[in-house]
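Peer 1: Sharing a structure with you now.
The values are calculated or read from the model by the stated rules, or taken from the named source; none is laboratory data. Keep in mind that this is a model prediction, so the values were computed, not measured. In this analysis, Cβ positions are derived from the backbone assuming ideal geometry, glycine residues included, and neighbour counts consider all displayed protein chains. We work out accessible area using only protein heavy atoms, side chains counted, and drop any ligands, DNA or RNA first. Shrake-Rupley method; radii C 1.70, N 1.55, O 1.52, S 1.80 Å.
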Amino acid sequence: MKEFEYVRAGSVPEALASDGRFLGGGTNLVHLMRRGVEAPDRLVDVSRLPLSGIRETPDGGLVIGATTTNSVVAADPLVRRRYPALARAILAGAPGPIRDRATVGGNLRQSTRCEYFTDLARPCNQRLPGSGCAAIGGRNRNHAILGWDERCVAVDPSDMAVALSVFDVTVHSLGGPPGLITAVELPPAPPSVFRKARDGGVSVAAVLEVTAGIVRDVRIALGGVAARPWRASAAENLLRHGPATADRFRAAADAELAAARPLRDNAYKVELTRHLIEGVLTRAAEAARARP
Ligand SMILES: Cc1cc2nc3c(=O)[nH]c(=O)nc-3n(C[C@H](O)[C@H](O)[C@H](O)COP(=O)(O)OP(=O)(O)OC[C@H]3O[C@@H](n4cnc5c(N)ncnc54)[C@H](O)[C@@H]3O)c2cc1C
Ligand code: SF4
């Protein structure tokens with residue numbers, strides 16, 4: 001590993017003034033440094049900044065500080081009650097010992113898990129812009145099926161980000177770009193559901209509000225299928241103001257996946273995503289009906 005300077009920031013202004021790479025729990029960045037993929041001159045440890053904790057907002061939402069660990073977020077009673085999809089997404093992600101160290105800010109900024117990103121012998125536009133993309137003609141079982149272009153076919157690695165995108169959160173940051181993430185703010189939300197398939201990292205999060213059998217509000221996000229958590233707006237538009245029935249859920253999944261462009265090895269993701277969308281919407285409709 002290349003030599004680097006380590007600075008522990010004592011305050012947010014100090015962190016912003018330190019010209020270096022922010023370090024949260026280090027579970028992603030340090031691993032990449034060990035492999036020679038990342039080689040920052042200076043690490044600015046932000047994990048002890050007073051940005052940790054979860055507090056309620058007067059309107060019934062939550063603010064989660066950026067240095068709160070993933071384990072603390074997933075175990076928080078308010079998160080579990082109001083945003084079950086978020087707790088589920090975290091628990092479906094990294095193993096327990098990693099979650100104990102990983103922070104919210106670090107999770108949202110973690111690097112791709114594309115195998116070629118860490119393979120220094122292969123071209124990778126994310127690691128070395130302009131070098132090409134080894135995955136597009138290589139092993140791409142875990143890669144994108146929606147919205148990709150030939151520059152990069154990797155998927156967003158964060159499960160937490162998939163859940164957050166159905167809550168229409170505000171990510172607060174200072175300085176930058178890309179800036180220091182200080183907190184994530186969640187507005188009040190209807191019941192939510194998250195599921196992740198064991199295979200290929202495909203996941204679906206949804207919130208659904210149903211009154212008298214009619215969908216009043218719906219937000220769906222897909223993980224493991226695109227470079228960002230993919231808001232399924234075609235599916236949402238089809239469902240909104242219509243009946244919350246199984247055939248509508250199937251039609252919504254079909255509408256969204258009509259745009260899918262699988263790569264050589266990942267056509268299986270289309271059917272898997274369709275199945276997950278239907279399952280999550282069915283479960284979300286049950287949760288909406290059970291709501292007091
Ligand atoms: C074995 C293993 C399995 C995993 N499986 C999954 C999985 O299934 N799903 C999933 O979602 N994740 C998974 N992860 C990834 C894990 O969630 C991330 O490693 C972790 O969330 C990163 O958090 P961190 O605080 O350790 O970040 P760090 O490693 O400290 O930093 C990661 C990046 O974020 C930046 N950063 C850190 N804090 C801030 C901040 N406050 N503001 C701005 N930038 C910041 C850093 O500069 C760096 O670029 C896995 C990790 C491991 C090791
Ligand atoms: S998919 Fe993206 S991360 Fe993977 S090799 Fe191609 S450019 Fe690199």
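Peer 1: With the requirement that a residue be in contact with a Leu (Cβ under 9 Å, 6 or more places away or on another chain), open to solvent by 20 Å² or more (accessible area, probe 1.4 Å) and over 22 Å from residue 63 (Cα atoms), what does segment 174-215 give you?
Peer 2: 195, 196, 199
Peer 1: For segment 246-270, give me each residue that is under 21 Å from the mean Cα position of the chain (by Cα) and more than 21 Å from residue 136 (Cα to Cα).
Peer 2: 253, 256, listed by residue number.
Peer 1: Mind listing just one residue for me: the one in segment 10-44 that is more than 23 Å from residue 113 (Cα to Cα) and touching a residue at least 40 places away in the same chain (Cβ under 8 Å) and, of those, least open to solvent (accessible area, probe 1.4 Å)?
Peer 2: Filtering first and then ranking leaves 15.
Peer 1: When residue 39 is evaluated against the numbered criteria (1) near ligand 1 (Cβ under 10 Å from one of its atoms); (2) not in a helix (DSSP H, G or I); (3) not aromatic (Phe, Trp, Tyr), which criterion, by number, is the only one it fails?
Peer 2: Exception for residue 39: condition (1).
Peer 1: Right, next: Please go through segment 120-145 and pick out each residue that is of a type in the set (D, E, K, R), near ligand 2 (Cβ under 8 Å from one of its atoms) and within 28 Å of residue 70 (Cβ to Cβ).
Peer 2: Restricting attention to segment 120-145, the residues satisfying the condition of being of a type in the set (D, E, K, R) are 122, 127, 139, 141.
Restricting the remaining residues to those that are near ligand 2 (Cβ under 8 Å from one of its atoms) gives 122, 127.
Answer for segment 120-145, where residues must be of a type in the set (D, E, K, R), near ligand 2 (Cβ under 8 Å from one of its atoms) and within 28 Å of residue 70 (Cβ to Cβ): just 127.
Peer 1: With respect to residue 135, is the statement that it is more than 14 Å from ligand 1 (Cβ to nearest atom), touching a helix residue (DSSP H, G or I) at 6+ places or on another chain (Cβ under 8 Å) and among the hydrophobic types (A, V, I, L, M, F, W, C) true?
Peer 2: Working: more than 14 Å from ligand 1 (Cβ to nearest atom): yes; touching a helix residue (DSSP H, G or I) at 6+ places or on another chain (Cβ under 8 Å): yes; among the hydrophobic types (A, V, I, L, M, F, W, C): yes.
Taking the combined requirement at face value, the residue satisfies it.
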